[in-house]
1. For I10, work out the one condition from (1) within 24 Å of the chain's Cα centre (by Cα); (2) aliphatic (A, V, I, L, M); (3) more than 30 Å from I125 (Cα to Cα) it doesn't fulfil.
2. Quick test for you: out of S82, S32, S16, S20, pick the one residue that is closer than 22 Å to D158 by Cβ, at pLDDT 95 or above and not charged (D, E, K, R).
3. Say whether the condition of being in a strand (DSSP E or B), touching a residue at least 60 places away in the same chain (Cβ under 8 Å), on the phi < 0 side of the Ramachandran plot and hydrophobic (A, V, I, L, M, F, W, C) is met by at least one residue in the range 69-89.
4. Mind telling me which of the residues F95, F117 ends up being among the hydrophobic types (A, V, I, L, M, F, W, C), assigned by TED's automatic domain parsing to the domain that holds A171, assigned to a strand (DSSP E or B) and surrounded by fewer than 13 Cβ atoms within 10 Å (Cβ to Cβ)?
5. May I ask you to list the residues in the range 126-184 that are surrounded by fewer than 16 Cβ atoms within 10 Å (Cβ to Cβ) and assigned to a helix (DSSP H, G or I)?
6. All but one of (1) closer than 15 Å to F176 by Cβ; (2) in the same structural domain as F26 (by TED's automatic domain parsing) hold for M122; state the number of the condition that does not hold.
7. Show the residue pairs meeting these rules: Cβ distance below 6 Å; 6+ apart or different chains; first residue within the range 1-13 and among the aromatic types (F, W, Y); second residue not in a strand (DSSP E or B).
8. Can you tell me which residue within the range 98-114, out of those that are surrounded by 15 or more Cβ atoms within 10 Å (Cβ to Cβ) and free of Cβ contacts under 8 Å to residues at least 24 places away in the same chain, is farthest from G15 (Cα to Cα)?
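The values are calculated or read from the model by the stated rules, or taken from the named source; none is laboratory data. This is a predicted model, so every value here is computed, not measured. Cβ placement follows ideal geometry from the backbone for every residue including glycine, while neighbour counts extend to all protein chains displayed.
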Amino acid sequence: MSLRSERRWIELITGSRKPSNFCWAFILFLGSLGFLLVGTSSYIGKSLISFFPAPQILFFPQGIVMSFYGIAGLFISSYLWSTIFWNVGSGYDRFDKKEGIVCIFRWGFPGKNRRIFLKFFMKDIQSIRIEIKEGIYTRRVLYMDIRGQGDIPLTRTDENLTPVEIEQKAAELAYFLRVPIEVF
């Protein structure tokens with residue numbers, strides 16, 4: 001989503017609160033809980049899951065492995081739920097012609113560097129760069145080339161933009177900033 005006027009362009013960036021992340025975190029939580037319950041059932045010798053008889057699984061080695069997978073899955077699931085809760089990666093890009101400043105803000109993980117805030121002068125922007133890699137893992141990323149700072153990504157690598165969409169977004173931004181476009 002973006003808010004535009006003649007002098008200001010604000011592009012809102014969605015973070016980790018995407019429907020796919022909610023689905024994966026939920027599926028991983030349920031699956032790892034199931035593995036842990038089966039491993040625990042094989043240890044105590046009683047069926048904690050009604051449709052799966054525990055006496056058929058020996059605790060050593062199958063029950064230990066199932067418990068290990070369950071615990072590992074719960075750790076990964078808790079990591080995903082934490083990133084969703086903190087909304088890691090969300091923020092905004094603000095391009096302000098009136099002040100001549102570009103501000104890039106993102107939320108990170110809690111700690112000293114939770115708020116990531118970059119500020120540049122518009123006159124330091126050399127170009128808008130599009131990186132396109134086709135193949136099995138298609139990657140289309142939009143970068144802003146800043147003099148003395150290098151390339152700063154403006155889109156996520158997992159944002160599945162079509163070639164037409166990324167070209168249109170790059171053209172609109174380059175026109176707004178009055179800088180050239182480079183394609184790599």
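1. The failed condition is (3).
2. Selected residue: S82, the only one of S82, S32, S16, S20 that is closer than 22 Å to D158 by Cβ, at pLDDT 95 or above and not charged (D, E, K, R).
3. Looking only at the range 69-89, we keep the residues that are in a strand (DSSP E or B), and these are none.
Among the residues of the range 69-89, not one is in a strand (DSSP E or B), touching a residue at least 60 places away in the same chain (Cβ under 8 Å), on the phi < 0 side of the Ramachandran plot and hydrophobic (A, V, I, L, M, F, W, C), which makes the answer no.
4. F117
5. P163, V164, E165, Q168, A171, E172, Y175
6. (2)
7. W9/F176
8. Quick first cut of the range 98-114, residues surrounded by 15 or more Cβ atoms within 10 Å (Cβ to Cβ) only: 102-108.
With the extra rule that they be free of Cβ contacts under 8 Å to residues at least 24 places away in the same chain, the set shrinks to 103, 105, 108.
Numbers: C103: 17, F105: 12, G108: 10 Å.
Looking at the filtered set, the residue picked out is C103.
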